[in-house]
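Report on one structure; see the data block that follows.
The values are calculated or read from the model by the stated rules, or taken from the named source; none is laboratory data. What you are looking at is a predicted structure, and each value in this text was computed from that prediction instead of being measured. Using ideal geometry, Cβ is built from the backbone for each residue, glycine included, and neighbour counts are taken over all protein chains shown.
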């Protein structure tokens, strides 16, 4: 429940026994709603100049459409103003998985009308904030809220649908993205830069040989199985106005029917390519096409069990920039650890510092090699509710005691401050 607003599918999901690994919910989490001034003060003290934030759709429209929750909308007014007053530029994401519960009961992403509902919601946000916000993102990680939410059931709303329905919901999400871009272009009174933030499923060549590089590039933009984890399935419609032929061949009759005008809506011009990249899969050239290379035994892993593969932040941006020709923004990158306040009152997280040094250095090498970049966002500023994992893992630069809501910047926060102040000069990777 969003501070007097409506419920989302995640509120519904958290009420189901056993679906959140620690039995928790996101009702309070890091309580940013009530503590945003303190959080922004910490950001400013760390020298952060940009803040990626997400609007909660049901906080503004409790039923997803219709009556506006005035206090919920006013919160974002205060948040934007408070950030700008501290010299922090807000990068606003319109949708971060919190489909209003009432819209879910009307079919949610399976209902084609959701594209218009999302456009109407976008207009309310842009009319209110578009005089101050420059940077906009429409959807965060459609692969997750469609694939994990509607195919595997691991995320809210917890459905397990046939692949045909999954792809239909994804098509409606793409329509919602396109219509939101149209609204931002038409209604924002401050010049707008618009992108979106899909999962960047990075592929890393096993060697620098032309054969392995070509294999990794091919694997980045093609699929051989019925999966939502396809970069081109989501991004080709957005940037090229068509679904990729290679995926259409694999998906067959499960592919959605594209109505006249759909692709013109979906492929509205964007200003940047956002990508959430945490790791990558190594690829080599095989006799019958690209082959996955198993990770080495004992490879470094986060507590989330994700492999540590810094080169993902070199090859992912490189391949995406080559194909789509838009400046790259790393909209998420980071790692989950088990951090705690030490006896000296500090939070020591040397592994996060080492991880970020390696990844940011790889991204810098990509820019040195010609990739145009607009920015990098570490996920996340503070510890928070991490979806089906609840509070088991911590991704933040700032530790949150969920019992007291006391904030403690970690060692990595102060290191990150030095990275920003030196424009990366202190990086070792």
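Restricting region 159-178 to residues that are in a helix (DSSP H, G or I) and over 19 Å from the mean Cα position of the chain (by Cα), the residue that is surrounded by the most Cβ atoms within 10 Å (Cβ to Cβ) is 166.
Condition check ((1) closer than 30 Å to residue 156 by Cα; (2) in a loop (DSSP other than H, G, I, E, B); (3) touching a residue at least 60 places away in the same chain (Cβ under 8 Å)) across all residues:
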{"position": "353", "(1), (2), (3)": "no, no, yes"}
{"position": "360", "(1), (2), (3)": "no, no, yes"}
{"position": "366", "(1), (2), (3)": "no, no, no"}
{"position": "375", "(1), (2), (3)": "yes, no, yes"}
{"position": "378", "(1), (2), (3)": "yes, yes, no"}
{"position": "417", "(1), (2), (3)": "no, no, yes"}
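Residue count for region 338-366, restricted to those that are crowded, with 17+ Cβ neighbours inside 10 Å and in contact with a strand residue (DSSP E or B) (Cβ under 8 Å, 6 or more places away or on another chain): 7.
Evaluate the following for residue 347: is it more than 17 Å from residue 198 (Cα to Cα), in contact with a helix residue (DSSP H, G or I) (Cβ under 8 Å, 6 or more places away or on another chain) and either at pLDDT 95 or above or assigned to a loop (DSSP other than H, G, I, E, B) (or both)? Spell out how you get there, then give the answer.
Values: more than 17 Å from residue 198 (Cα to Cα): yes; in contact with a helix residue (DSSP H, G or I) (Cβ under 8 Å, 6 or more places away or on another chain): yes; either at pLDDT 95 or above or assigned to a loop (DSSP other than H, G, I, E, B) (or both): yes.
Yes; evaluated as a whole, the condition is true for this residue.
For the residues 331, 282, the requirement of being farther than 30 Å from residue 92 by Cβ, in contact with a strand residue (DSSP E or B) (Cβ under 6 Å, 6 or more places away or on another chain), crowded, with 22+ Cβ neighbours inside 10 Å and modelled with pLDDT of 95 or more singles out 282. Any idea which of (1) crowded, with 22+ Cβ neighbours inside 10 Å; (2) within 21 Å of residue 387 (Cα to Cα) is the one residue 54 doesn't satisfy? The one condition residue 54 does not meet is (1). With the condition kept exactly as written, say whether any residue in region 224-234 is buried (at least 22 other Cβ atoms within 10 Å of the Cβ), touching a strand residue (DSSP E or B) at 6+ places or on another chain (Cβ under 7 Å) and either in contact (Cβ under 8 Å) with a residue 40 or more places away in the chain or assigned to a helix (DSSP H, G or I) (or both). Taking every residue of region 224-234 in turn, none turns out to be buried (at least 22 other Cβ atoms within 10 Å of the Cβ), touching a strand residue (DSSP E or B) at 6+ places or on another chain (Cβ under 7 Å) and either in contact (Cβ under 8 Å) with a residue 40 or more places away in the chain or assigned to a helix (DSSP H, G or I) (or both).
When you check residue 401 against the structure, is it surrounded by 19 or more Cβ atoms within 10 Å (Cβ to Cβ), over 22 Å from residue 89 (Cβ atoms) and modelled with pLDDT of 95 or more, yes or no? Taking the combined requirement at face value, the residue does not satisfy it. Answer with yes or no whether residue 426 is over 20 Å from the mean Cα position of the chain (by Cα) and modelled with pLDDT of 95 or more. Spelling it out, residue 426 is indeed over 20 Å from the mean Cα position of the chain (by Cα) and modelled with pLDDT of 95 or more.
Is it true that residue 238 is in contact (Cβ under 8 Å) with a residue 60 or more places away in the chain, in a helix (DSSP H, G or I), in contact with a helix residue (DSSP H, G or I) (Cβ under 9 Å, 6 or more places away or on another chain) and crowded, with 18+ Cβ neighbours inside 10 Å?
For residue 238, the condition - in contact (Cβ under 8 Å) with a residue 60 or more places away in the chain, in a helix (DSSP H, G or I), in contact with a helix residue (DSSP H, G or I) (Cβ under 9 Å, 6 or more places away or on another chain) and crowded, with 18+ Cβ neighbours inside 10 Å - is met.
Of all the residues in region 40-58, those that are over 24 Å from residue 193 (Cβ atoms) and either under 21 Å from the mean Cα position of the chain (by Cα) or at pLDDT below 95 (or both) number 1.
If you check 109, 117, which single one turns out to be more than 30 Å from residue 45 (Cα to Cα), in contact (Cβ under 8 Å) with a residue 60 or more places away in the chain and in a helix (DSSP H, G or I)? Going through 109, 117 in turn, the sole match is 109.
Is it true that some residue in region 275-286 is in contact with a helix residue (DSSP H, G or I) (Cβ under 7 Å, 6 or more places away or on another chain), assigned to a loop (DSSP other than H, G, I, E, B) and over 21 Å from residue 210 (Cα atoms)? Yes: region 275-286 contains one or more residues that are in contact with a helix residue (DSSP H, G or I) (Cβ under 7 Å, 6 or more places away or on another chain), assigned to a loop (DSSP other than H, G, I, E, B) and over 21 Å from residue 210 (Cα atoms).
If you go through region 196-223 and keep only what is buried (at least 17 other Cβ atoms within 10 Å of the Cβ) and in a helix (DSSP H, G or I), you end up with 212, 213, 215, 216, 217, 219, 220.
Residue by residue, here is whether (1) surrounded by 23 or more Cβ atoms within 10 Å (Cβ to Cβ); (2) in contact with a strand residue (DSSP E or B) (Cβ under 7 Å, 6 or more places away or on another chain) holds:
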{"residue": "86", "(1), (2)": "no, no"}
{"residue": "116", "(1), (2)": "no, no"}
{"residue": "123", "(1), (2)": "no, no"}
{"residue": "132", "(1), (2)": "no, no"}
{"residue": "139", "(1), (2)": "yes, yes"}
{"residue": "150", "(1), (2)": "yes, no"}
{"residue": "153", "(1), (2)": "no, no"}
{"residue": "186", "(1), (2)": "no, no"}
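Taken together, the residues in region 131-158 that are part of a loop (DSSP other than H, G, I, E, B) and under 19 Å from residue 117 (Cβ atoms) amount to 2. Filtering region 241-262 to residues that are over 17 Å from residue 143 (Cα atoms) and assigned to a loop (DSSP other than H, G, I, E, B) leaves 241, 242, 257, 258, 259, 260, 261.
Here is a check on your reading of the model: is residue 265 assigned to a strand (DSSP E or B), at pLDDT 95 or above and crowded, with 17+ Cβ neighbours inside 10 Å? In short, no.
Looking across region 301-328, the residues that are out of contact with any strand residue (DSSP E or B) (no Cβ under 7 Å at 6 or more places or on another chain), under 30 Å from residue 21 (Cα atoms) and surrounded by fewer than 19 Cβ atoms within 10 Å (Cβ to Cβ) come down to 304, 305, 306.
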